[in-house]
Amino acid sequence: MRVLHVFGWLILGAGLILQLWLKDHDIRWALAFYGLPKPCLIALSLMLAAWPRTTRRLRVLAAVSTLMITLWWVSSSWCTPQPKVAGKVPGPTNSAVTFLFWNLGRPSGLDQEMVDLMRELKPQLAAFVEPGSTAGTLIERYRSALPGYEVAWMPRGILWFSQMPSRYRERGKLESIGAFARFEVKAHGSAFPVVVADVYPHLFHSRRQQLQEALNHTQGRRDAMLVGDFNTPLESVHLAGIRRDFVESFEVAGSGFKETWPCGLPLLSLDQVWVGADWEVLEARKIWRLTGSDHAALFVTLRRK
């Protein structure tokens, strides 16, 4: 019991060092950084505070640690819309573009929850990753279920829906293990690129190169969108290059915790919608459908500046 208690304190200390300084700079400790997000450290410090047969000093220290980490997590994770996006949100008739992204979690057939969500939200554009191994054979059924959408299927697992004129431009691998697809969309008189990425979470290989390649496919366009399951939390140092030219939609216009995985628990913000400087994010919503995917869906409303 004493060994477990000491081990718990060591893990808590290591987790704090990872979150504060080390992060995922090096693949040797990146996996531990991903596996010890702040909510896990809060749970661990609570366990230490409730540990039987421990000293009063350690109990107080654990309680203070719980409070401090909780405040740190909430301040860094809880999002509120910036003042400029508060108030009534213009609809599509006011030159807005609505977009839905979701990791479907590999359904065995046609994803009825996705179809229902599309009917509810009526996004003009939508992209899905991990749509299931049979998705390529279900395109006509999706078209029938969702009339008015053009549907495209990328064999490496990207499903695309558009009510606007759009053209598939390029698809392929990210560092030979992930996947991407690039589309050109024409909306309200001008065309812009949308890059959909599905970064592969290799346990012993850095995500850095996959993220850089996904960024490269935006071609430096200020009007580009870069969306996907990045399998990399927003705290990652590997997102610094994307942050230089893009903003993450939920961070600037969302309400609530930004984490999108797993199963309603706010542990990691793996799913992201990045937009270039030419876009204003009017609204960003996180939507859970817990009987389907273990990821949250992201629904954003954008307008050109």
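Some points to look at:
- Conditions (1) assigned to a strand (DSSP E or B); (2) closer than 21 Å to Q82 by Cα; (3) over 14 Å from the mean Cα position of the chain (by Cα); number of the one not met by D223: (1)
- Taking region 198-231 as the range and being free of Cβ contacts under 8 Å to residues at least 40 places away in the same chain, within 27 Å of W29 (Cβ to Cβ) and either outside the structural domain of P165 (by TED's automatic domain parsing) or of a type outside the set (S, T, N, Q) (or both) as the test, the residues that pass are V199, Y200, P201, H202, R208, L211, E213, L215.
- Residue check for G276: in contact with a helix residue (DSSP H, G or I) (Cβ under 7 Å, 6 or more places away or on another chain), touching a residue at least 12 places away in the same chain (Cβ under 8 Å) and among the small types (G, A, S): yes
- Residue that is polar (S, T, N, Q), surrounded by fewer than 13 Cβ atoms within 10 Å (Cβ to Cβ) and in contact (Cβ under 8 Å) with a residue 60 or more places away in the chain, where the choices are S190, S133, S144, S95: S190
- Scanning region 276-305 for residues that are surrounded by 23 or more Cβ atoms within 10 Å (Cβ to Cβ) and over 13 Å from the mean Cα position of the chain (by Cα), we see that the one that is farthest from C40 (Cα to Cα) is L302.
- Qualifying residue in region 228-240 (condition: in contact with a Leu (Cβ under 6 Å, 6 or more places away or on another chain), surrounded by 17 or more Cβ atoms within 10 Å (Cβ to Cβ) and in a helix (DSSP H, G or I)): yes
- Of all residues in region 121-149 being of a type outside the set (A, V, I, L, M) and in contact with a Lys or Arg (Cβ under 8 Å, 6 or more places away or on another chain), the one that is farthest from P107 (Cα to Cα): Y149
- Any hit, region 15-25, residues being crowded, with 17+ Cβ neighbours inside 10 Å and aromatic (F, W, Y): no
- Subset of region 98-130 [touching a residue at least 60 places away in the same chain (Cβ under 8 Å) and under 16 Å from the mean Cα position of the chain (by Cα)]: F99, L100, F101, W102, N103, L104, G105, A127, V129, E130
- Put simply, of W102, W72 the only residue that is modelled with pLDDT of 95 or more and under 21 Å from A197 (Cβ atoms) is W102.
The values are calculated or read from the model by the stated rules, or taken from the named source; none is laboratory data. Keep in mind the model is a prediction, meaning the values are calculated, not measured. With ideal geometry, Cβ positions are generated from the backbone for all residues, glycine too; neighbour counts draw on all protein chains shown.
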